[in-house]
Amino acid sequence: MDIQYVKGVGPKRAVQLKKLNIHTVEDLLYYIPRDYEDRTKFKYISQCINGEKVSLKVQICGYPIKSKPRKNLSIIRVPVRDKTGQATLVWFNQDYILNQVSLGDLVIVNGKINFFGREMQIVNPILEKGSGDKIGKIIPIYSLTSKITNNQMIKIVENALTSYLPNIKEKLPEDLRKELNLMPIKEALVNIHFPKSKDHYIQARKRLAFEELLILQLGLLLIKNRTKELYEGIKFPKDDEIYTFIENLPFKLTNAQMKAFKEIEADMEKDEQMNRLVQGDVGSGKTIVAILAMFKAWRAGYQSVMMAPTEILATQHYESILNFLKDYDINIKLLIGSISNKQKEEILKELKEGNIDILVGTHAVIQDRVEFNKLGLAITDEQHRFGVKQRAVLSQKGNNPDILVMTATPIPRTLSLILYGDLDISIIDELPPGRKKIETYAVGPNMLDRVNEFVRRQLLDGRQAYIVTPLIEENEQLDLQSAEDLYLNLKEEVFTEFKVGLLHGKMKPAEKDEIMEKFVKKQLDILVSTTVIEVGVNVPNANIMVIHNAERFGLAQLHQLRGRVGRGEHQSYCILINGSNSKIARERMRILQKSTDGFYISEKDLELRGPGEFFGTRQHGLPELKVANLFSDMEILKIAQEKAKEILEEDKLLLKEEHFYLRQSIIDLFKDRIKDLILN
Ligand code: ADP
Ligand code: MG
């Protein structure tokens, strides 16, 4: 029901509530307070500390005194006491209080303690006689616009609960709710707004978070299962030639690579469409796994396409694919923005005619004009750089080609089940043998000269260095050194005898590629950069990564940056310049020094950075969560995932009566994305 029919709302206030995304009564009941004020804790006067907010039971022990020190200012002072001491209640410009207090009254007050010399004051307190209903409770605090006060909102929610709570349906099947010992929905909604106690709040929140995560996970699983069933994919034949190819590789695949490939192979040989994510730490060797899949597609007479987020990365992939497949008669082409129109036309023509077997490129490969003859496999590298949409466009370039997505941003499994809920997941959690550990040091800014000296010695030995800094524009407030300043300083004052280049996010793609190209070709010794280099580039001769203001980066990001070195035969170094004295910053530096395991680091990142910052869920195309937090509710999420699986095993389309309301909620949540899938 529309929100405007709730008592106390009406058309005008409804407009304001709609700005908060509250359109229906249900929206309102699920509008979770952002915080609570606990007025249940009573203290004695002698226990009060300056600045804290407390509730007190006191007796008025003197006559109220009104003074008017200025024209627009009136002050009322009321002396009170309990058995432990005395205090003064002080109100500014609230003369009506005079009618509410008289000598000897027993009252309850709530407010902030302010010591004024030896006198303890409580300024503008809430005051109640008797047991009252404002104090002695836990009061919700809502995120609101300036047009609605918290007290008004409390009234509106109270009215909605009184009138509409009986209509709220229990979505969770009774057995499940009992098994998990979860609060009934009505009780949970009352207690999320007006918790009887802290424990009631915890139980209410847990129940609502579980419900929300269960619905989300059920929806994602439904989409995944149904997509597989409804859209027929390509059935690639079994083929042993690939194993000869694997044996002839210049290295032995790691067990993890082999396992990932086997999973891909099994998917490809099924008649369902493959939708698989390969997660592997930087340097774990994802590219060769992708090449194996493309090899298999080629053997079956299909075309493959591989999309990378930058030209430089696409070019590197192209070159390494050429190199790995040079003994075979496979036609491989590179399609990027910077090639000539003539070349482009030629490629488009060949592609359509089916003469190109493997196409590597940037976004260019998903443009309208790109048509394949027989696309069998579509791969995106560094998925986190692409949205879900781009992946979908790529997939539509053929007739349900198999889809492979590769990412070097490792995240805990529970989370990938949500963030990549519609994908199957392979994990490469092992690095090829013989990699030298990158030596990692964290130092303070006072060590800068020594760091530069160290870099100089490596450069004199013929190596190259990355020097990374977080921001491009001078931001005095944060006192961060901009990349441009740093660049000029290093080039003109510190490393005058070397060639220094600058790369930053505001440059045009062509400019970036040109600089990167120079660095690859060793026409530059030092590359000063913002984070644009974090993705996949491979310059084996670069062995030093210096990161300024390392405290400004997330752990996962620092780990990615570090992964740019350690790619060649030389001992590599990562030097973190930590400009912060905070404990958390030091702890983060310590984790990086200690570990090179991307999964471990990303878990710590979650722990230390907390909710929200890790990365937005929005970009993954997920519905917004109202109660649950993907990060701090990891335990609840795990249970929800288990239960979602069990429920679908037993009732594939949620057609049983006890799943009716779950099914409705899923359809509501995913709207257009799921209707066709679930209703057919
Ligand atoms: P990433 O997973 O970060 O994309 P790459 O695929 O670029 O990693 O691989 C990094 C380097 O490791 C490449 O030079 C690649 O040829 C090499 N490599 C991959 N697999 C192995 C292996 N099993 N043994 C030795 N070197 C390998
Ligand atoms: Mg890669």
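Quick look at the numbers
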{"item": "Selection count where residues are in contact (Cβ under 8 Å) with a residue 24 or more places away in the chain and either surrounded by fewer than 16 Cβ atoms within 10 Å (Cβ to Cβ) or under 45 Å from the mean Cα position of the chain (by Cα) (or both), scope region 109-120", "result": "8"}
{"item": "Residue ID - nearest to ligand 1 (Cβ to nearest atom), chosen from residues in region 307-334 that are hydrophobic (A, V, I, L, M, F, W, C) and at pLDDT 95 or above", "result": "Phe324"}
{"item": "Conditions (1) closer than 17 Å to Asn124 by Cβ; (2) among the hydrophobic types (A, V, I, L, M, F, W, C); (3) at pLDDT 90 or above; (4) out of contact with any Asp or Glu (no Cβ under 6 Å at 6 or more places or on another chain); number of the one not met by Cys61", "result": "(1)"}
{"item": "Whichever residue in region 296-324 is among the β-branched types (Val, Ile, Thr) and in a helix (DSSP H, G or I) and, among such residues, is surrounded by the most Cβ atoms within 10 Å (Cβ to Cβ)", "result": "Ile312"}
{"item": "Residue in region 341-361 that is at pLDDT below 90 and among the polar types (S, T, N, Q) present", "result": "no"}
{"item": "Which numbered condition Leu292 misses (of (1) under 10 Å from Ser426 (Cβ atoms); (2) touching a Phe, Trp or Tyr at 6+ places or on another chain (Cβ under 6 Å))", "result": "(1)"}
{"item": "Given (1) within 19 Å of Phe454 (Cα to Cα); (2) within 16 Å of ligand 1 (Cβ to nearest atom), number of the condition Val528 does not satisfy", "result": "(2)"}
{"item": "Flag for Gln279 being within 14 Å of ligand 2 (Cβ to nearest atom) and polar (S, T, N, Q)", "result": "yes"}
{"item": "Residues of region 133-143 classified as surrounded by 13 or more Cβ atoms within 10 Å (Cβ to Cβ) and at pLDDT below 85, total", "result": "4"}
{"item": "Residue among Lys252, Lys238 that is within 16 Å of ligand 1 (Cβ to nearest atom), in a loop (DSSP other than H, G, I, E, B) and either within 28 Å of Ser284 (Cα to Cα) or of a type outside the set (Val, Ile, Thr) (or both)", "result": "Lys252"}
{"item": "Evaluation of Leu176 against (1) over 31 Å from the mean Cα position of the chain (by Cα); (2) farther than 21 Å from Ile32 by Cα; (3) of a type in the set (A, V, I, L, M) (one fails), failing number", "result": "(1)"}
{"item": "Listing of strands (runs of 3 or more DSSP E) fully contained in region 497-573 that carry 1 or more residues being within 23 Å of Ala442 (Cα to Cα) and away from ligand 2 (no atom under 16 Å from the Cβ)", "result": "526-529, 542-547"}
{"item": "First in region 417-437 and more than 14 Å from Val282 (Cβ to Cβ) and in contact (Cβ under 8 Å) with a residue 40 or more places away in the chain, second anywhere and part of a loop (DSSP other than H, G, I, E, B) and aliphatic (A, V, I, L, M), Cβ under 9 Å, 6 or more apart", "result": "Ile418/Leu622; Ile418/Leu630; Leu419/Ile411; Leu419/Leu622; Leu419/Leu630; Tyr420/Ile411; Gly421/Leu622; Asp424/Met274"}
{"item": "Every residue from region 594-608 that is among the hydroxyl-bearing types (Ser, Thr, Tyr) and part of a helix (DSSP H, G or I)", "result": "Tyr600, Ser602"}
{"item": "Residues (within 16 Å of ligand 1 (Cβ to nearest atom) and within 24 Å of His363 (Cβ to Cβ)) located in region 289-303", "result": "Val289, Ala290, Ile291, Ala293, Met294"}
{"item": "Residues of region 255-283 satisfying the condition of being away from ligand 1 (no atom under 15 Å from the Cβ), touching a residue at least 60 places away in the same chain (Cβ under 8 Å) and assigned to a helix (DSSP H, G or I)", "result": "Glu263, Asp267, Met268"}
{"item": "Cβ-Cβ under 7 Å pairs, at least 6 apart or on other chains, region 390-407 side over 20 Å from Phe295 (Cβ atoms) and part of a strand (DSSP E or B), far side within 16 Å of ligand 1 (Cβ to nearest atom) and modelled with pLDDT of 85 or more", "result": "Thr407/Leu277; Thr407/Gln279"}
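Results for (1) of a type in the set (Gly, Ala, Ser); (2) closer than 22 Å to Met153 by Cβ; (3) surrounded by fewer than 18 Cβ atoms within 10 Å (Cβ to Cβ), shown as yes or no for each residue.
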residue: Asp175; (1), (2), (3): no, no, yes
residue: Lys178; (1), (2), (3): no, no, yes
residue: Asn181; (1), (2), (3): no, no, yes
residue: Glu187; (1), (2), (3): no, yes, yes
residue: Tyr201; (1), (2), (3): no, yes, no
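Results for (1) at pLDDT below 90; (2) in a loop (DSSP other than H, G, I, E, B); (3) over 25 Å from Phe251 (Cα atoms); (4) among the aliphatic types (A, V, I, L, M), shown as yes or no for each residue.
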| residue | (1), (2), (3), (4) |
| --- | --- |
| Thr414 | yes, no, yes, no |
| Ile418 | yes, no, yes, yes |
| Ile425 | yes, no, no, yes |
| Pro433 | yes, yes, no, no |
| Asp449 | no, no, yes, no |
| Pro470 | yes, yes, yes, no |
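The values are calculated or read from the model by the stated rules, or taken from the named source; none is laboratory data. All values reported here derive from a predicted model rather than from experimental measurement. Note that we place each Cβ from the backbone using ideal geometry, even for glycine, and neighbour counts take in every protein chain shown.
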